[in-house]
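The values are calculated or read from the model by the stated rules, or taken from the named source; none is laboratory data. Please read all numbers here as calculations on a predicted model, not as lab measurements. Cβ: placed from backbone, ideal geometry, glycine included. Neighbour counts: every protein chain shown.
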């Protein structure tokens, strides 16, 4: 079977590269290059021409690794002009006379000078980024409370060195409340954690069993050990107080508003009844309503759902009405639906209720279920 000829994607006729590559006569080569460059100018993408020259620089130029590194740092736009010639040379296997000399003597020094400058700028930018230390939120918060903790430790040093310390006056809770920037529960948690180890050591010191601690605090009597422990305990208690107070005063998260369309998505109901001339309201209106009046076309029953006393209004879950008062919500059978529905259609709330009370049939309780035989008449 004959092979199907591949259709060209070019508008201009593509040169016969194999035939042109075999030319050896200098004048014929010059003409072949000129014709080929015309084709390449219009048919070959700039990016491909640039890549052809870059490939030559990397693989065939004979330049040093450092020269190649600098030359390929510059913007590729610098390779556009000579890229066309490089693309043609790749296809033909030969360059125009004097072109390689021009690249090496004229273009190369310019590219290297510019490339070296670009390369140095990139290195400096990289080092600058590495030197820029990102401070974490935790470290920033520790820095904010460092002055406060420093003042407490200064008081502790005075106590350790000279016993010049009044535990009754020491009030870390008020210190935190008066401190600026304001100490928040998150800060208090950081302060508490930072003193955990000190509290543990003070507790071991109070027990007076560890030989190393005995040696380190040999000048401490029982009173001093108790006050030393009480100092850190006061800080812990103050932090706990601030943390718990923050929890109690925290504003509750505002609940997302309900998507009413989603709530009624699964609700099945009868769109209309042409015999009675009635149609259902948009079920979205049921949400937060105080009353929903409906008519069951299959059972001939008129009914009403009334919201519960504790609720804010009726709601819907799936195919069921929720939050209704079971003691005041019920339905009654209509003996003459066409006449009775017509009499109440479009009426006000009081008229609906009066009309409903006048119906003599026995009322039955409601389950909340809405089906495809129920027309949603009215909401209030």
Condition set at pLDDT below 85 and surrounded by 15 or more Cβ atoms within 10 Å (Cβ to Cβ), scope region 171-184, selection farthest from residue 246 (Cα to Cα): answer is 179
Subject >> Selection status of residue 135, within 30 Å of residue 191 (Cα to Cα) and exposed (fewer than 11 other Cβ atoms within 10 Å of the Cβ) >> reply: yes
For helices (runs of 4 or more DSSP H) lying entirely in region 181-239, having 2 or more residues that are under 27 Å from residue 136 (Cα atoms) and assigned by TED's automatic domain parsing to the domain that holds residue 170 picks out 185-194, 196-207
The condition of being over 18 Å from residue 356 (Cα atoms), surrounded by 13 or more Cβ atoms within 10 Å (Cβ to Cβ), touching a strand residue (DSSP E or B) at 6+ places or on another chain (Cβ under 8 Å) and in the same structural domain as residue 340 (by TED's automatic domain parsing) holds, among 291, 285, only for 285
Over region 185-218, the set of residues within 14 Å of residue 149 (Cβ to Cβ) and exposed (fewer than 14 other Cβ atoms within 10 Å of the Cβ) is 193, 196, 197
Reported set for region 360-374 where residues are closer than 12 Å to residue 304 by Cα and more than 52 Å from the chain's Cα centre (by Cα) is 363, 364
